[in-house]
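Shown next, in structure tokens, is the structure this report addresses.
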Amino acid sequence: MVPLLEVADPDIQVKINLSDRRLFPIWDRVQAGERLSSAEGVTLLDSDDLSGVGRMADFAKKRVTGDKVFFVLNRHVNPTNICVLSCKFCDFAKKPGDEDAYEMTIEEILDHVDDDINEIHIVGGHHPTWPFEYYVEMIRAIHEKNPKLQIKAFTASEIDYFDRRWKVTPEESLAILKEAGLQSMPGGGAEVFSTRVHRILLPGKANADRWGDIHKIAHRMGIPTNCTLLYGHIETFEERAEHLVRLRNIQDETGGFLAFIPLEYQVGTTRLRPRHTPAMDDLKMIATARLMLDNIKYIKSYWVMLGEATASIGLNFGANDLDGTIGKERIAHAALADSPAGRARERMVSSIRDARRIPVERDALYNEIKVYQ
Ligand code: V47
């Protein structure tokens, strides 16, 4: 078993007021550094005591990384939206021939490879005919264009698809992709591990066991990965808490997860729910993840899905990472003289300072690049 996170400052003493009596025993356990159960996770998600849950999570976070909050200058590239799957929550996937279906050439992908970013994040649809070799060529071309750029690419679901479609096992595909330049994997494709939800929303996609096995294989091969939970649709609090326990168990075995990202379901046109998750529940989700995942160092407050305001508050609810993503900045600030990366950096630093935290620019593997005191 991999040891729990090293506690940065075990002597931090905090007194907090809790209005929900159900939180008293949980707070005792958090202070003692004891592991929370799935049932306690449900209590946290269900509690009306938003500030109490947040203070506990902030305490847990401070013990791990103090007041530091991390961000990375990165760009997301989605090489195609054509996908053989039909996940009911996904607005992105299209079928061949659809008006808005697209496929990027290697040259188009290379246009996203700039010198001013540290990480490129690549995820796409499960394309019906692109051979596995195309993905390898993609990674190799990016790596050759900018060998210093860290490449985080392909979800476990895509790695599973290479096996199903092209009979390249995860061990084989990951070895080839690693040799071509892949350094880490994103956490997508996990959705919600519940068999019930899986059957309703994502039939035919890699299930919980397969997703976990692929991440364990990657970890054993020295490829760190992230993990996610897609929440705010048809899942229950119990299913969310069970999902977190499963991730924690994998981390106990391998220690290979860098970060956990709670992904708030974006209603879009899929409308599994009429409206998106209230900010109060987003914040409790972040806090619950911080308190349950005692062996995963970084919890992201993912501004792209939460919005910048909620994401910034999330940094007081146990999150210690704001991700990055300057793709949007390129559009929003196309007319401004400053570089998109410069603007993105300023914005990340401001959001973190707004939360009264210390901004730290990092690379894809969480090496510190600069601390903004
Ligand atoms: O796996 C799809 C999700 C994921 C919707 O590892 C949706 O650093 C919300 O995994 N509403 C891809 N989410 C994104 C992802 C990610 C993002 C940022 C950082 C990292 C990381 C990973 O997006 C998919 C799926 O779970 N998704 N549709 C939707 N309507």
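Globularity index of region 232-320 is 1.09 (Cα radius of gyration / 2.2 N^0.38 Å, N = number of residues). For Thr195 and Asp111, the difference between the fully extended length at 0.36 nm per residue and the C-alpha to C-alpha distance is 26.2 nm. Estimate the FRET efficiency between Lys15 and Lys148 by the formula 1/(1 + (r/R0)^6), using the beta-carbon distance for r and 56 Å for R0, to the nearest 0.05. Calculated value: 0.75. Between Gln31, Gln266, Gln183, the residue with the greatest mean-square fluctuation in the GNM of the chain (Cα pairs under 10 Å linked by springs) is Gln31. Per the Debye formula on identical point scatterers at the alpha carbon atoms of region 141-187, with no solvent, log10 I(q)/I(0) at q = 0.13, 0.22, 0.24, 0.32 Å⁻¹ is -0.29, -0.75, -0.85, -1.15.
Sort out the exposed loop GluC sites (Glu not before Pro) in the chain (DSSP loop, at most 10 other Cβ within 10 Å) and tell me the longest stretch that has none. It runs 100-373.
Partners of Lys370 within straight-line reach, counting aspartates and glutamates whose Cα lies under 19 Å from its Cα and excluding those fewer than 8 residues away in the same chain: Asp67, Asp115, Asp116, Glu119, Asp321, Asp323, Glu346, Asp354, Glu361.
The gain in end-to-end length when the Asn367 to Gln31 segment is fully stretched comes to 118.1 nm, 0.36 nm per residue minus the alpha carbon separation.
Averaging the inverse of every distinct alpha carbon separation and then flipping it gives the Kirkwood radius. What is it for the chain, in angstrom units?
Radius from the Kirkwood sum: 21.1 Å.
Note the full-extension length gain between Arg353 and Ala279 as 0.36 nm times their separation in residues minus their Cα-Cα distance, in nm to one decimal.
Additional length available on full extension: 24.6 nm.
Quick one: compute the contact order of the chain, relative version, from alpha carbon pairs under 8 angstrom and 6+ residues apart, as a percent.
Values: 688 pairs, mean separation 82.2, N = 373.
Reported as a whole number, the value is 22 percent.
The H on the amide N of Leu263, modeled in the peptide plane, is under 5 Å from the matching H of Leu229, Leu230, Tyr231, each at least 5 residues off or on a different chain.
Of all alpha-carbon pairs in region 38-159, indicate the percentage at a distance above 23 angstrom. Tail of the P(r) past 23 Å holds 53 percent of the pairs.
Every number in this text was worked out from the coordinates using simple rules, so none of it is lab data. All values derive from a computational prediction rather than experimental measurement. Counting neighbours? That spans all protein chains shown, and the Cβs are built from the backbone with ideal geometry, glycine included.
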